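K.L.:
Mind having a look at this structure? Questions to follow.
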Amino acid sequence: MLEIRDLVAGYGGVPVLRGVSLDVRAGEIVAVLGANGAGKTTLNRAISGLIRPDGGSIGFEGRALAGLSAPDIVALGLVHVPEGRKIFPNMSVRENLELGSYRRAKANRAANLERVFAIFPRLKERTGQSAGTLSGGEQQMLAIGRGLMAEPKLLIMDEPSLGLSPLLVEEMFALVARIAADGLAVMLVEQNVVQSLDLAARAYVLENGAIAMAGAAGTLKRDPTLMTTYLGL
Amino acid sequence: MPFQPGCRRLMLQIDILLSALANGLMTGAVYALIALGLTLVYGVLHVINFAHGATLTAAMFAVWAAHDGLGIDPYVAILILTPLFFALGYALQRFVIGPASHGSDSNILLVTLGLSIVIENALLAAFRSDTRSIDVPYGFSVIELGNLFLPLPKVIAFFASFLVAALLWGLMAHTDIGKAIRAVSREKTGAALSGIPVEHVYAVTFGLGAACLAVAACLLMPTFLVNPRVGNAFVLVAFTIVVLGGMGSVPGALIGGLIIGVVESLSGLYFGESLGQIGIFLIFILVLLVRPAGLFGARA
């Protein structure tokens, strides 16, 4: 459903991604792994329309995304939960979630709100609380919940485990598994290699702005070069 | 038993004081309305809109022209000019200020400054520098409240300003576009990724700011006059209110407007009419010294 071919993207003419190709198929979890600075966030920003690619193509359900704005891409059902959460700190938990359906699935807002509260009961206890006062883990849940409010077909999650305690990281991966179990396609962009490979069906390893390895998650996990060469572990 | 002369003088003083207070509150409400537009735009775009004063002047000329040319009552003109100025503000931000500033805040500042010069001079060319006012039958009507005589247009302006502030508050708190405005004010990227069109939200905010000015102009004209520079005096006061109330705060603008109105009126009473604005700027300096974030502002 997501087809990226030879994507070149960067900032101010300096390329970060130098010809990336990858696919996410309907209903699967795909992990995109890479060390800091490998180009993971740039890849996400290009897919979701925050930056204009300098070359290559991005297709979603057979439709080229070139020239579409970030809200247009959300309207198609491709939703990006950004790194650093980017929630609205001055607004309540409920308002944050409501705005997730600003452009898409507005008619189902009430039902989806209940669905999100069922997945994240902790958010339900804090509906009126200002989002800026939530803990890091709760803010991450809120960011994912806001993404789910748009009834995405493909959810891109950028480093959902970043800055969370080990216990919360476990919980977060379990939640991602639960969300994907309903048939939602997930592109999980992570530094957390072991847990991501446990969860994903397939994975890509990004290194210096290009795909260095790709394959079934189980195969990659047993590959000794993965950890040492590409992820610097 | 007749009044003691001393007692009578005291009563008179209290009446004068009360009347100054009431006048200050009524003027302050319109100030608040002007400040509301300024603080709204500041809260979202994080820059002062220097074209605010010129836009107010333009709105006041529009009220004058509607009355003088077409015989439209200024209060009826609210219904026409508010949507018109919303559209004007929207278009200015979407098609002039936004594209011309290339995403840099300091550019927005300069573009709005440039716009203010263009608007002011266009008005000067069109209307000359004469001061104009409109004649309405109720211009000198008063409402008696005990010993107080309150000018009817000012009473209307007071309540109408509160009504607009309440409507604006409801819009910001309960509608999707209002929530989107608050979201964009703090988290642009998160807003875009939630499907909120950021440029559209900027333009709507600008439009709302201009719409506030259109209402303010309609409320002012029955008791005030217009010339091509009149907006600047108001915006200087509005800027003080925004700083006093807290940059970007809607309740701050409202309370700040009332305070400034009363201060101006009382310092006019005690220091003389021509020195009325001294109190305002004393307050301005005091706020900057003691509470730079303003009454309702987030502490930096």
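Rule-based calculations on the coordinates, nothing more; no lab input. The structure presented is a predicted model; accordingly, all values stated were derived computationally and were not measured. We place every Cβ from the backbone using ideal geometry, glycine too, and count neighbours over all the protein chains shown.
K.L.:
Can you list the lysines whose alpha carbon sits under 21 Å from that of B:Lys179, skipping same-chain ones fewer than 8 residues off?
P.N.:
Within the straight-line limit of under 21 Å, B:Lys179 reaches these lysines: A:Lys86, A:Lys106, A:Lys124, B:Lys188.
K.L.:
Additional query: Compute, for chain B, the length of the dipole vector about the Cα centre, with Cβ point charges of +1 (Lys, Arg) and -1 (Asp, Glu) only. Units Debye, rounded to 20. Could the numbers behind the result be given before it?
P.N.:
On the way: 13 positive and 13 negative charges, 111 e Å.
Result for chain B is approximately 540 debye, rounded to the nearest 20.
K.L.:
Helix B:198-220: angle to the longest alpha-carbon principal axis of chain B, degrees 0 to 90, nearest 10?
P.N.:
20 degrees
K.L.:
When chain A is modelled as a GNM with alpha-carbon springs shorter than 10 Å, which of A:Ala200, A:Ala185, A:Ala111 fluctuates the most?
P.N.:
A:Ala111
K.L.:
Cβ neighbours within 10 Å, averaged per peptide: list B:170-176, A:64-70, B:99-105 in order, most packed at the top.
P.N.:
Sorting B:170-176, A:64-70, B:99-105 by mean packing, highest first, produces A:64-70, B:170-176, B:99-105.
K.L.:
Once the Cα atoms of helix B:276-290 and of chain B are each reduced to a long axis, what angle between those two axes, in degrees from 0 to 90 to the nearest 10, is obtained?
P.N.:
On a 0 to 90 degree scale, this one is about 50.
K.L.:
Which residue, B:Gly256, B:Gly69, B:Gly207, has the most motion in a Gaussian network model of chain B that connects Cα atoms within less than 10 Å?
P.N.:
Checking each option, the largest mean-square fluctuation is seen for B:Gly69.
K.L.:
Taking the Cα centre of the range B:139-191 as the origin and placing charges on Cβ (Lys, Arg +1; Asp, Glu -1), which of B:Trp169, B:Val155, B:Gly190 is farthest toward the positive end of the dipole?
P.N.:
Working it through, the farthest residue towards the positive pole turns out to be B:Gly190.
K.L.:
Under 4 °C and 1.567 mPa s, how fast does the protein assembly as shown diffuse according to Stokes-Einstein, given a Kirkwood radius computed over C-alpha pairs? Answer in µm²/s, whole number.
P.N.:
50 µm²/s
K.L.:
Could you check which residue among B:Thr39, B:Thr223, B:Thr189 shows the biggest mean-square fluctuation in a GNM of chain B with a 10 Å Cα cutoff?
P.N.:
Between B:Thr39, B:Thr223, B:Thr189, it is B:Thr189 that shows the largest mean-square fluctuation.
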